[in-house]
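The values are calculated or read from the model by the stated rules, or taken from the named source; none is laboratory data. Source: prediction; values computed, not measured. Methodologically, a virtual Cβ is constructed for each residue, glycine included, from the backbone with ideal geometry; neighbour enumeration extends over all protein chains shown. Just so you know, the surface numbers come from the protein's heavy atoms only, side chains and all, with ligands and any DNA or RNA stripped out. Shrake-Rupley method; radii C 1.70, N 1.55, O 1.52, S 1.80 Å.
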Amino acid sequence: MSWDFFVPVCTGDLVKTGGINQYVVQDVVPPKQLPSNLSRFKAALRSQGPLCILEHFDTGYSVLQHFNSVEPGVKEDTLELLVQVVSGLAASLPALLITTSLSAGERKEKLNAVKMSVFLLCKLTETLESYSCRQSIVTVPGKGKKGKAAGEGMLQWDSERETVLQALVQLLQLDIRSLWNLSLVEEEFTSCVTCCCYKLLENPTISHVKSKPTRDGIIHLLGVLIKKYNHLLGASVKVIQLLQHFEQLSSVFAQAVSVWSTEYGVRAIIGEVVREIGQKSSEELAREGSGVKAFASFISELGGLVPELMIPNISVLITHLEGESHTMRVAVCEVLGEILVRVLCGDSLNDSGKADRDRFFDTLQEHLHDTHSHVRARVLHVYTRIVNSKALPLCRYSEVMELAVGRLMDKSINAVKSAIQLLAAFIAHNPYSCKLSSADLKKPLEKEMSKFREMKEKLEGKAPVAVIKASELWAAMEPELLVTVRTELEPTSETEKEQQEDEEDRDAEEEKGAEDDRATALSQNLPPTPQKEGADGELKKQEMLVQYLRDTETFALQVERAISVINTMLYLKTTSVVQEAVQFCVTVCEFSVANSVSGVRKMLPLVWSTDTAIKDAVVQAYRRLYLNPQGDTIRMKAQTLVDSLSELMVDASLGTIQCLEEIVQEFFGTGSNLQSTVVQVLWERFTGKRETSALNRRAAVLLLGMAARAEREVVLSNLDTLCSVALGEKVTEDFLLARDTVITICSITDHKHTLKSSAPFRLPQDHQLFTCLTQALAEGVVMENPYWQSFMEQAVRVIYFLAESPDQLCSRLLQRSARLLLDQIVEVNCVCLAQLLSLCGCVAFWQISHLERSVSAELRRRRGVTEEREEKLKANESAMEEELGLVSASAEDTEAELIRKICETELMNLLCAFLPLLVKVCSSPGRYSHPQLTTAACLALSQYMMISPSVCEENVRLMFTVLERSSLPVVRANAVIALGDLTVRFPNILEPWTQNLYARLSDEVPSVRQTAVTVLTQLVLKDVLKVKGQVSEVAVLLIDPKPHITSLALNFFNELATKDNAIYNLLPDIISRLSDPERGMSAEDFNTIMKQLFSYITKERQTESLVEKLCQRFRTAKTERQWCDLAMSLSLLSMCERGFKRLQECWECYSDKLTEPGVYQPLLSITAKLRRGAKPQFKAQVDEFEKRLTAVHTRGLENVESPEMEEENQRDGSSEKTVMRTPLPARGRSRTKRGRHGDDSFVTPRKSCKSKKPVITFSSDEEEEEEGECT
């Protein structure tokens, strides 16, 4: 063979005239002749083998040249032939490469065949890949045969790619370098293969799971080229280039570099690539298209694959921690985390490894305070992984824990979530104790510390022992030792004696100096004093124990601090944070951390959340904590479940029990195999078959009631048991158990009937239940038991829910109770009388409820049954149906009138006997001063007032007198609640007394203020009360010293802000009321309130209107404090250009007050805010206004508005062009009139000149209408 094949840089170079002995394509076959030529190529391959490529190269080349015009079958046949050629060469070459007798001609022939086949296969692969990518972009997958065919073609090429790569790997992994002279493979050959690989990597789907075989083939092919064909530098450069342009390749190249460095042993590739990334400056990474995300992802994934190989190059990456790219900082921190978890961990590290570990931890801790929130969140996530892997040194626990607790206050939601996850990991993997409670650890710590001090004092306080010097000890022992030594070592011959004498003479001088050394050595070899060594060892052990307990206590205190913070996050608006907080509460509860149950209880109301994710999280949390018990048998599991739920219900509030009921009801509705056993255990506890505490008995009966809501028969079939155990003869001994039993019985009434025509579930009056209840209630009236009241309320409730004709039962009950009270007590006992009055009020309340709900519902049901029967009889008469509809509407009115009449006449006849007594007790607080009696009488009177409008109207003045003058906070609080209910029921009667209700917002007792703001919030937001100027009293609560009251007031305004213009309409009057000198509010408190209220003003038109209203208020404000308050209010507005213009127009309203610093400084701050980001023209206007403000403030209004100043203004420009010119008085008056015409309710009237004594008047909400909507 006389020619050589040179791999061309460009495919077209092969048709040009080459150099000496250089192969040139002789014949580019036309497309039509290619099928026949391919057939000859195929026949030659079968007969001659892979060397046939030497003769048929032009055919393959022609396919490349005419690629766009040839048929797909020709392309597929060509690709198949080339793969067979390369595979044939890979199979035949190993035997030839081993032999040493290969001639130069044969070597050249084989080399040309390798070059030609590899060149054609790689170029054809590149061309097919480009065509496939174009097809995937142009062809949109859809319906029809065309889209389906295109999709099949692409899938076929995906499988062919793998075949091509396998063939190339098989060939190139052979030692074919010996085919070249001096084994130097030409760069063009290597580039031909690598370019094909990198072209395949540019495919957008290369990182998908389905492309894994292709991806692995490319990685291994490039690995062979890097190891055997000197492609190391080229690969590192290409990796950087491709990462910069193809972000999806980050994970691919991370895997590739990992494989090249481990399986192929080319570790230098990591250093080259990491060095290239590390040398990129912040300016380069900041540019668009710099590939910073790809670089960061690549580094992070590579650190996860080969962390041990990243350590030598980490110093290059750490420089990016000081750069501006937060993405790179995150990546470097994640690499450090992987190194700490998988390499620099454990106790077997040398000094160098420990130093690196400490340095890396210090770096991570620094970036917990990074300026970018994403970095802080990711570093916290890295620490979570470290803690979960138990790679955090014990000495750093406290420090990192403190930082994590601090991150709970982070502004970033992601950082807060990561901090919660880290704290949960700390608790789950803590090295201290399975139960963390600082209270439990305090006593053991104090005990061990006192023991340690005693041991230390005992050791230090021992009498000093006489110390014998080493030289003295040797001197005492020397004679005896010398005799023994001489006896044993005495020489036996003359020669030995002479040698001994010479040695004695020579060593005589050294002997004296060595005496002390020998003595010291002897003393060191003596056995140590057992007592001293043992004491020191015990002291060290005790010191270690004390330090362990101290560290455990510190850790527990940090956990408790974190719990208190995270518990406040349970009601945030961000769902993901709430979910993390719920999971954290579960974790701390599982580790018995102190106060952990508080978080579990606090999250319980979230079962009512409208957010499904939050509700599911809470339900799952309670299932995990309480409804998935551990135990060997079903019985043990049931007992554990009951114990857990009972513990949760101890001292639980009514709201907590109601929320828990939702979860327990769901458990009993799931059909678990534990249900029957749990119910059995509960009955055993309630009936006393198993010895248990009173609290657990009450919890058991409440849990039975919760189960009854899912399965009614649980309670209904055991009513006799409930009555005999809790409501029998011993009922007076435990009214709490009786109360909870009644609550459980009441649960059977909550079920909705499936049939509307079915009669309501009622029990006869002579049922054992009502006999027991009436007996217990009547006997309890004359007993001074503090728990009778709550039992009575539930008992009366269940009578009206379950008894037939409950009004008759309760009438007899009242008569019996009154008779017992009069018969057994010579002198009326205030407590017993109070209990009787409470019973009267409770009966009155439930009687009204019974009439308006049960009786009314029963009347509707019966009417519905009648109408349905009549409709069936006359179904064909449509006119009759319409008539029935009218009759139905009329019947409803008749029923409602009947209920009202019963309340007015018959109900009062039933209860009127006690009304004069109630009125007398409430109206004579001096005579009836007993707190319980007064409380009961006032509450009962308010319940009587619910009966009818006439009773309410007769006693409303008395009730408000009690509200204002009662010395008992509980009476005032109850009166607020009662009057709120009466406002809903009889709004026209209570409307004139609204101001008295608002007055309780300033009550001196926090509990009354809290009740008042809660009641008024409900009344206002439900549009029962009209929003008026008295809302300023609610605004005052924004600075209440009690945080819970402040939060209630804030919630009021948050909800009020959702109503259109509500706060906007109220603001001017609120400002007037709060700045009233008689109120005496401090400037700081006023600013705090106004800052919150003005935050709700967001519309530009509202701001503009408020500017004018507030400026007009300067005219009637007569005190400096009022001026300052108005100016401060103006400064709190989010001023815009229109608002600023209105401020200029109202110059004459406030210009004469600018000499006061309290007016000047707030207005000056407005100009500072307007100047930020303002346009040049508007900024000039602001600057001019500021100069004017300053001039008036420093020189006075008279000097600024002198004729000289007017002339100067005229020289600067005409009066029409001067924006900042002071308005003339006439103009000001006209503007005032126009403003008053538009906003009549807010403009304060001008002071009358005829009045001898000016009176400051402010607009009142009671005398003016609300302003219309402002849009």
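A few points about this structure:
- Heavy-atom accessible area ranking, 1.4 Å probe, most first, across S747, S191: S191, S747
- The protection proxy used here, the mean number of other Cβ atoms lying within 10 Å of each residue, ranks peptides 837-844, 266-273 as follows, highest first: 837-844, 266-273.
- Computed over neighbours whose Cβ is under 14 Å from that of L121, the net charge equals -2, Lys and Arg +1, Asp and Glu -1.
- Taking 0.36 nm per residue of sequence separation and removing the Cα-Cα distance, the S576/F1178 pair yields an extension gain of 212.3 nm.
- Charge tally for A1012 (other residues, Cβ to Cβ under 10 Å; Lys, Arg +1; Asp, Glu -1): +1.
- Normalised by residue number, the volume inside the convex hull of the Cα atoms of the stretch 532-680 is 150 Å³ per residue.
- Here the spin labels are modelled as points 7 Å beyond Cα on the Cα-Cβ line, and at A759 and E202 they lie 8.8 nm apart.
- Rolling a 1.4 Å probe over the protein heavy atoms gives the stretch 1057-1140 an accessible area of 38 Å² per residue.
- Residues within the reach of a label modelled at K411 (point 7 angstrom out along Cα to beta-carbon, backbone nitrogen below 20 Å), restricted to the stretch 351-382, are 367-380.
- Distance between modelled label sites at T732 and S644, nm, 7 Å Cα→Cβ extension: 4.2
- Protein heavy-atom surface of the stretch 975-1052, 1.4 angstrom probe: 55% of the accessible area is carbon and sulfur, with nucleic acids and ligands not counted.
- Of K16/K123; K228/K280; K417/K615; K16/K228; K1109/K1187; K115/K227, pairs whose Cα-Cα distance is over 22 Å: K228/K280; K16/K228; K1109/K1187
- Descending by average beta-carbon neighbour count within 10 Å, the peptides 1086-1098, 213-225 line up as 213-225, 1086-1098, the highest first.
- A355 versus T319: modelled label distance in nm, points set 7 Å from Cα along the beta carbon direction: 2.2
- Gain on full extension, evaluated as 0.36 nm per residue between K451 and Q630 minus their Cα-Cα distance, stands at 60.5 nm.
- Accessible carbon and sulfur surface of the stretch 525-676 relative to its total accessible area, %, 1.4 Å: 52
- Förster-model FRET efficiency, 25 Å R0, R342 and D216, C-beta, rounded to 0.05: 0.55
- The protection proxy used here, the mean number of other Cβ atoms lying within 10 Å of each residue, ranks peptides 415-423, 621-629 as follows, highest first: 415-423, 621-629.
- Positive-end residue of A857, W846, L820, charge dipole of the stretch 812-867 with Cβ unit charges: A857
- Taking all protein chains as they are arranged and a probe of 1.4 Å, the heavy atoms of K730 leave approximately 140 Å² accessible to solvent.
- Protein-only accessible surface at a 1.4 angstrom probe places the residues L1025, L97 in the order L97, L1025, largest first.
- When the P(r) is computed for the stretch 649-732, the part past 14 Å accounts for 65% of the Cα-Cα pairs.
- Filtered GluC sites (Glu not before Pro), the stretch 795-872: DSSP coil and at most 15 other beta carbons within 10 Å: E804, E827
- Nearest-0.05 FRET efficiency for E1084 and Q1161, computed from C-beta distance (R0 22 Å): 0.90
- A 1.4 Å probe run over the stretch 331-454, with the rest of the protein chains in place, finds 46 Å² accessible per residue.
- Residue-count net charge about S47 - beta-carbon cut-off 15 Å; Lys, Arg +1, Asp, Glu -1: +2
- Residue-span extension gain [N829 to A268] - 0.36 nm each, minus C-alpha spacing: 192.2 nm
- FRET E, pair T961, D1152, Förster distance 41 Å, beta-carbon r, rounded to 0.05: 0.30
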